[in-house]
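Nothing in this text is a laboratory measurement; each read-out follows from the coordinates by a stated rule. Computed from a prediction, not measured in an experiment: that's the story for all the values here. We place every Cβ from the backbone using ideal geometry, glycine too, and count neighbours over all the protein chains shown.
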Amino acid sequence: MKKRPMLWTAACLLLASCHAGMGTAGSGEESGPAPTGERRAAPDLAGNSLDGKPLRLSDYRGKVVVLNAWASYCGPCRAEVPELDAARKHLAGKGVEFLGLNADTDTAGARSFQRDHRLAYPSLSDPSGRQMLKFPRGSVPQGVPFTVVIDTRGRMARVHTGTVTEKELRDLVLPLTRS
């Protein structure tokens, strides 16, 4: 009987972390990237992809990167997959790369999500949360989903909390492809 309260607590924490990232979804607050002088350096996230291949954010320097943090247990993460895919297709010829940052502790479940949703970009596996802790304090939310747009110099141009739409991504990314 003692295991049930612990399982219930763990389930509530997982749902809370997913829900915490829903704050500004659809709010329209973002009008574009932050001014160049106000951008903070993105951490050099590095590790293995869900496919077991080495993956390092700094290898994408010189390109605009859309980094989407997600988890397979997160309903809003599932809902934004078609929007991310549409934006990826729209921005493909403009020097924009998409990467995922997966928060699942169950990598098999994350790989299933990646396969079932046909994610066409690699995701860095972060079961311990160490990669997310590399972000400057307060720069990203504690829950998923969130999306960080990184400029060609490796700086965080914008952090979008909650689910993101194709239009929001285009509005955030296109100005960075022109500079």
*Sketch the reach of a paramagnetic label on Glu83 as a point 7 Å from Cα along Cα-to-Cβ, and name the residues of region 110-153 whose backbone nitrogen lies under 13 Å away.*
145-148
*Within a Cβ distance under 12 Å of Ala86, other residues only, what is the Lys/Arg minus Asp/Glu net charge?*
-1
*asked:* Give me, ordered by chain and number, the residues 5 or more places off Leu101 or on other chains with an amide H under 5 Å from its own placed amide H.
replied: Asn68, Ala69, Trp70, Leu124
*Given +1 on the Cβ of Lys and Arg, -1 on the Cβ of Asp and Glu, and no further charges, what dipole in debye does region 38-116 carry about its Cα centre, rounded to the nearest 20?*
300 debye
*Express in nm, to one decimal, how much length is gained between Ala41 and Leu174 on full extension, taking 0.36 nm for each residue of separation and deducting their alpha carbon distance.*
45.9 nm
*Arrange Lys167, Lys63 by Cβ neighbour counts within 10 Å, fewest through most, would you?*
Lys167, Lys63
